[in-house]
Amino acid sequence: MKVLLFDIDGTILLTGGAGKRSMEDAFLSVYNRPLSDVPMAGRTDSQIFRHILRHHDIQWSISEEKKFKQAYFDRLELALSGIAHGARLCPGIHTLLTTLDRHDDCTIGLLTGNWKISAYMKLKYFNIDHYFNIGSFADDNEDRNLLLPAFMRRFNGLYGYMPLKDESFIIGDTPRDVEAALYNNVISIAVASGFASKQELLQSNPQYFFDDLEDTDAFIKTIGLTPCKTS
Ligand SMILES: [Mg+2]
């Protein structure tokens, strides 16, 4: 069984800034302060939130995070329903997901810095949420490197066995996705469809690199799946 863990932003889709804007608006509405210029790419939402709180000298607590999350989810839902925000799927994603979905010997999952609710809002916007029935999210851990163990436990709970590490892949658009794969001894696939340049990604030493995921056959071959007869 191959296990493919996809990052969301920059790997599967781009929200055209709706995600960042919603976070900024939510922070302003809850705390009446601007979001500081915190680097977001590759970080988990929990990590970003804690970073901003520290910057403003506000004490983190579960209830603070809960309050902020609700404000963010409300705004994200509105922002995604707006027509001119320029959200789009990354090249090749739709064909890749429909192709992978036809393979019984592969599980498609998420390993994302998004909170679970916002992750599914973004996927649902493109009607691709049904491809992902399992994942690991910012709710599980603020440290991206610790999302994989959370995923493995969840997978085991659902299917009754642990995936093999040499058959598990993390697919992402930033060096932090590659780092999470290296840290956990699973296979990294970097794709330059998002927030990091080709050069930055190659410097992070991924096992595999793609400019984008347009070439479905090449991707299938890379992960070692036999092409489907019906494809
Ligand atoms: Mg990303």
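Only the coordinates and a few stated rules stand behind these numbers; no lab work does. This structure is a prediction, so every number in the text was calculated from the model and none was measured. Here the Cβ positions follow ideal geometry from the backbone for every residue, glycine too, while neighbour counts run over all protein chains shown.
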- Cβ-based charge dipole, the chain, positive-most Cα from Asn127, Leu78, Pro39: Leu78
- Task: Calculate I(q)/I(0) for the range 1-109 by the Debye formula, one identical point scatterer on each C-alpha and no solvent, and give its log10 at q = 0.17 Å⁻¹ to two decimals.
- Result: -0.89
- Message: Whole-Hz ³J(HN,Hα) for each residue in the range 108-124, computed from phi via Karplus 6.51 cos²θ - 1.76 cosθ + 1.60 with θ = phi - 60°, x for glycine and proline: what do you get?
- Response: 9, x, 10, 9, 9, x, 6, 5, 4, 5, 6, 4, 6, 4, 5, 5, 5
- Query: Using alpha carbons only, how many degrees (0 to 90, rounded to 10) separate the axis of helix 147-159 from the longest principal axis of the chain?
  - Reply: 60
- Item | With Cα atoms, 0 to 90° folded angle of helix 18-31 axis to the chain main axis | 30
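Dividing the Cα radius of gyration by the Kirkwood radius, what Rg/Rh value follows for the range 18-81? Present the calculation step by step, with values, prior to reporting the outcome.
Working: Rg = 10.9 Å, Rh = 11.7 Å.
Computed over Cα atoms, the ratio is 0.93.
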- Item | Amide proton proximity set for Leu110, modelled H, under 5 Å, gap of 5+ | Phe6, Ile134, Gly135, Ser136
- Message: Going by Cα centres, the range 22-51 and the range 79-157 are how many Å apart?
- Response: 21
- Convex hull over the alpha-carbon atoms of the range 87-231: what's its volume per residue in Å³? 110
- Task: Measure nothing fancy, just the Cα-based angle from helix 62-81's long axis to the longest principal axis of the chain, in degrees from 0 to 90, nearest 10.
- Result: 70
- Cα centre as origin, Lys/Arg/Asp/Glu Cβ charges: the range 18-81 dipole, Debye: 80
- Likely footprinting exposure, Arg176, Arg54, fewest C-beta neighbours within 10 Å first: Arg54, Arg176
- Query: With labels modelled as points extended 7 Å from the Cα through the Cβ direction, what inter-label distance (nm, one decimal) is found for Glu64 paired with Lys165?
  - Reply: 3.6
